[in-house]
Amino acid sequence: MSATAPADHGSGHPHGVDEGKRDFLKLVTGAAAAIGVGAIAWPLIDSMNPSADVLALSSVEVDLTPIPAGQGITVAWRGKPVFVRHRTEKEIKEAEDVKLSALIEPQADADRVKPGHAQWIVVIGICTHLGCIPLGNKPTDPRGDWGGWFCPCHGSQYDTSGRVRHGPAPLNLYLPPYAFESDTKIKIG
Amino acid sequence: MAGLNKSDFKNPVVNWIDTRLPLFTLMNKEYAVFPTPRNFNYLWNFGALASVALVLMIVTGIFLAMNYTPDGSMAFDSVERIMRDVNYGWLLRYAHANGASMFFLVVYVHIFRGLYYGSYKTPRELLWMLGVVILLLMMATAFMGYVLPWGQMSFWGATVITNLFSAFPVVGNAIVTWLWGGFAVGDPTLHRFFSLHYLLPFVIFAVVFLHVIALHITGSNNPLGIDVKSPQDTLPFHPYYTIKDSVGLCVFFLVWSFFIFFEPNFFANPDNYIPANPLQTPSEIVPEWYLLPFYAILRSVPNKLGGVLMMFGSILVLFVIPWLDTSPVRSAKFRPIWRALFWVLVASTIALGFVGAHRPEGWWVVLGRVATTYYFLHFLVLMPIVGKLERPLPLPESISRPVISRGGGPLPGGAPAKPMEKP
């Protein structure tokens, strides 16, 4: 029931204190408390990560047949716009013939399309500068001096391979993971 | 006169801050060297346990609110999404739902501890009354939280409890319509309950803060109920009671974890996994266990308004017990008659809990009425009378004397003028 403290408790300096043992106990207690707090904190933090139903929406299939050459469409994937563009022969040639040394972020066109499907360029339609959506899918849109996309926010310009050719954007448009399920259908994600 | 705080801290950064904003001095004074009666038993853990429960309820609640939708058509599904899709959502919800029961459990022990050891008596009247305010706020918060999953029990619990106010003459129905924001419990009710359920815990936190300030002005009561007379009677709060509270906290977490991980729906009602249906009442409406005694009092009175008044009165009477109790002796340890009556009160309250869980039929009605009668008799009649008539046992001279004589220490007892602690 009530505490039966020895008489020298509270005097501050009891006799025969094993300092090493006391330090060890403090470290072990502190470590156990830290692990406990971490174990409680982690579920709270992880609950803010994408949930299972959000992750379940992480792939989308796109039918390519309605897209005429020279035009692109925008599809939503994970809440982000993805440009799927049907390039003309001229646009493909322009993209392939560029000297890599002329690029801000050098990357060959062949590395940005799937082999055998060079007429299809699929990029995430978010300007790598500050996140606006560039214009250029429709032939009537401004496409910039390189015929790809033009960002209305700060004037960044991309070529027909989605590579940045004029700043302020520092990087090429990102490529989403995707695969051709048939010649006329892709699956993004 | 305004002036800088003279800080004793050696660390220059701490000292610089402490000189201008004496938080470190304050924490050291109130939680480290704070002189605390040396004879606490484990019942003195429960205030600390309750504050830990409050903090964990707020923390889990904030994260649950990130995933909850307070809309009549989406609330139930959003809770199911928390259970199935949100990372660790099941853990957050089970910790929060069982946490309400754990919070009430430790608070009820805390309250009965105060009743047994006379912690409500002078000079701690205001401290006690702030505690009763916290209890009322907790009940309101818990009730509104129970409505949020928007299952059958949520819906019909909300209907029954809000309808209590219809018992008041003339304005009753207008009040109920106002509470609902419509002509039945519905979407507006759910929205406002969510808003208030998020607000009230912070109000509780503020009142707990006042409760703790008041405690640190009067100092803690103790199992003997006698005042601290000398430094010999006390121990510094740290490390003695930080450690003792930590031991209790570990046990508390074990109990809480047992329910979360092994019996997560022990306190829950299966009807609440059926989405709210305004056209059908479940066959049995039972509140959560921590509200059952009050529910039993409500049903024991055969008059609608009378039942409501008695139910509210059963808590409001706690506000005035510092003045109803006429005995100058705090601890029931030295009051043989009162100690026996305390256990009758405990038995009555538990009996009321069982009565509240059963249909009001047959013997349950009789038991409910007997227990309700005793509950009020205890506070309103026996408390003033027994205090005057009872002959208490002799009180010990000081806290340290019986402790030391039992501990067998060689220290000379009864020397309160000779402080043991070196300056």
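A short reminder: the numbers here are calculations on the coordinates, not readings from a lab. Keep in mind it's a predicted model, so treat the numbers as computed, not measured. Because the Cβ atoms are built from the backbone with ideal geometry, glycine has one as well, and the counts that use them run over all protein chains shown.
To the nearest Å, what is the center-to-center distance of the stretch A:68-137 and the stretch B:216-295, using C-alpha atoms only?
If you average the Cα positions of each part, the centres end up 61 Å apart.
Using the eigenvalues of the Cα gyration tensor, what equivalent ellipsoid semi-axes result for the stretch B:287-393 when each is taken as the square root of five times the eigenvalue, whole Å, largest first? Don't skip to the answer; put the middle values down first.
Values: eigenvalues 151, 41, 24 Å².
Ellipsoid semi-axes (Å, largest first): 27, 14, 11.
Please give the helix B:304-324 orientation as an angle from the longest Cα principal axis of chain B, in degrees from 0 to 90, rounded to the nearest 10.
Taking the Cα atoms of chain B, the angle to B:304-324 is about 10 degrees.
Could you name the lysines whose alpha carbon sits less than 19 Å from that of B:K10, not counting residues in the same chain fewer than 8 places away?
Excluding near neighbours in sequence, the set is B:K29.
When only Cα pairs under 8 Å and 6 or more residues apart are kept, what is the percent relative contact order across the stretch B:19-129? Display every interim value, and only then the final one.
Numbers: 57 pairs, mean separation 32.5, N = 111.
With pairs under 8 Å counted, the relative contact order is 29 percent.
Starting from the Kirkwood radius over alpha-carbon pairs of the stretch A:100-189, derive D by Stokes-Einstein at 20 °C in a medium of 1.002 mPa s and give it in µm² s⁻¹.
For the chosen part, D equals 160 µm²/s.
With an 8 Å cut-off on Cα pairs and a minimum separation of 6 or more residues, tell me the relative contact order of chain B in percent.
Once divided by the residue count of chain B, the mean separation gives 22 percent.
For the stretch B:136-179, what is the convex hull (Cα atoms) projected area averaged across all directions, in square nanometres?
Values: hull surface 12.8 nm².
Dividing the Cα hull surface by four gives the mean projection, 3.2 nm².
What is the P(r) of the stretch B:38-285, as percent of Cα-Cα pairs per 10 Å bin from 0?
Pair shares across the bins are 7, 27, 30, 21, 11, 3, 0.
Name the most mobile residue of B:L148, B:L179, B:L21, meaning the one with the largest mean-square fluctuation, in a Gaussian network model of chain B with Cα contacts below 10 Å.
Fluctuation is largest for B:L21.
Below 14 angstrom from the Cβ of B:G362, what's the summed charge of the other residues (Lys, Arg +1; Asp, Glu -1)?
Within the 14 Å Cβ shell, the charges total +2.
Need one value for B:57-65: mean number of C-beta atoms belonging to other chains within 10 Å of its residues' C-beta atoms.
2
Can you compute the modelled spin-label distance between B:D227 and A:V54, with each label point 7 Å from Cα toward Cβ, in nm?
Here the answer is 6.0 nm between the modelled labels.
Quote the FRET efficiency, to the nearest 0.05, computed for B:I175 versus B:V370 with a Förster distance R0 of 30 Å and r equal to the Cβ-Cβ distance.
0.40
Would you mind counting up the charge near B:N28? Only other residues with Cβ under 11 Å from its Cβ, with Lys and Arg at +1 and Asp and Glu at -1. The partial results should precede the final answer.
Values: positive: B:K29; negative: B:D8, B:D18, B:E30.
That sum, taken over residues with Cβ under 11 Å, equals -2.
Under a GNM of chain B (C-alpha, springs under 10 Å), which listed residue has the highest mean-square fluctuation: B:Y31, B:Y116, B:Y295?
B:Y31
I'd like the mean, over residues of A:37-50, of how many other protein chain beta carbons sit within 10 Å of each residue's own Cβ. Provide the component values of the computation, followed by the final result.
Values: counts 0, 0, 0, 6, 1, 2, 9, 10, 3, 6, 12, 5, 3, 3.
Across A:37-50, the average partner-chain Cβ count within 10 Å equals 4.
Let me know the volume per residue of the alpha-carbon convex hull for the protein assembly as shown, in Å³.
Residue-normalised Cα hull volume stands at 273 Å³.
Given labels modelled 7 Å from the Cα in the Cβ direction, how far is it in nm from B:F183 to A:L171?
5.9
Applying 1/(1 + (r/R0)^6) with R0 = 22 Å to the Cβ-Cβ distance of B:A65 and B:V212, what FRET efficiency is obtained, to the nearest 0.05?
According to the calculation, E is roughly 0.25.
How far apart, in nanometres, would the label points at B:T281 and B:L199 be if each is projected 7 angstrom from Cα along the Cα-to-Cβ direction?
3.0
Report, in degrees rounded to the nearest 10, the 0 to 90 angle that the Cα long axis of helix B:152-163 makes with the longest principal axis of chain B.
It works out to around 80 degrees.
For the stretch A:1-154, what percent of Cα pairs sit more than 21 Å apart?
Details: 7889 of 11781 pairs.
The answer is 67 percent, as a whole percent.
If you average 1/r across every pair of different Cα atoms in chain B and take the reciprocal, what Kirkwood value do you get, in Å?
24.1
Would you mind giving the mean number of other chain beta-carbons within 10 Å of the Cβ of each residue in B:39-50, as a whole number? The partial results should precede the final answer.
On the way: counts 5, 3, 3, 1, 1, 0, 0, 0, 0, 0, 0, 0.
Rounded to a whole number, the mean comes out at 1.
Place a point 7 Å from the Cα of B:L249 along the Cα-to-Cβ direction; which residues of the stretch B:1-37 have their backbone N under 15 Å from it?
In the stretch B:1-37, the label zone of B:L249 (backbone N under 15 Å from the point 7 Å along Cα→Cβ) covers B:31-32.
Please determine, in degrees from 0 to 90 and to the nearest 10, the orientation of helix A:19-46 with respect to the longest principal axis defined by the Cα atoms of chain A, where the helix direction is its Cα long axis.
Result, in degrees: 30.
With chain A treated as a Gaussian network of Cα nodes joined by springs under 10 Å, which of A:D63, A:D159, A:D18 yields the largest mean-square fluctuation?
The residue with the greatest mean-square fluctuation here is A:D18.
Can you tally the net charge around B:T69? Count Lys and Arg as +1, Asp and Glu as -1, for every other residue whose Cβ sits under 10 Å from the Cβ of B:T69.
Result for the neighbourhood of B:T69: -1.
Which number do you get for Rg(Cα) / (2.2 N^0.38 Å) in the stretch A:25-90?
So the Cα radius of gyration is 2.22 times the expected 2.2 N^0.38 Å.
For B:W289 and B:I337, calculate 0.36 nm times their separation in residues minus their Cα-Cα distance, and state this gained length in nm to one decimal.
Taking 0.36 nm per residue and subtracting the Cα distance, the gain is 14.3 nm.
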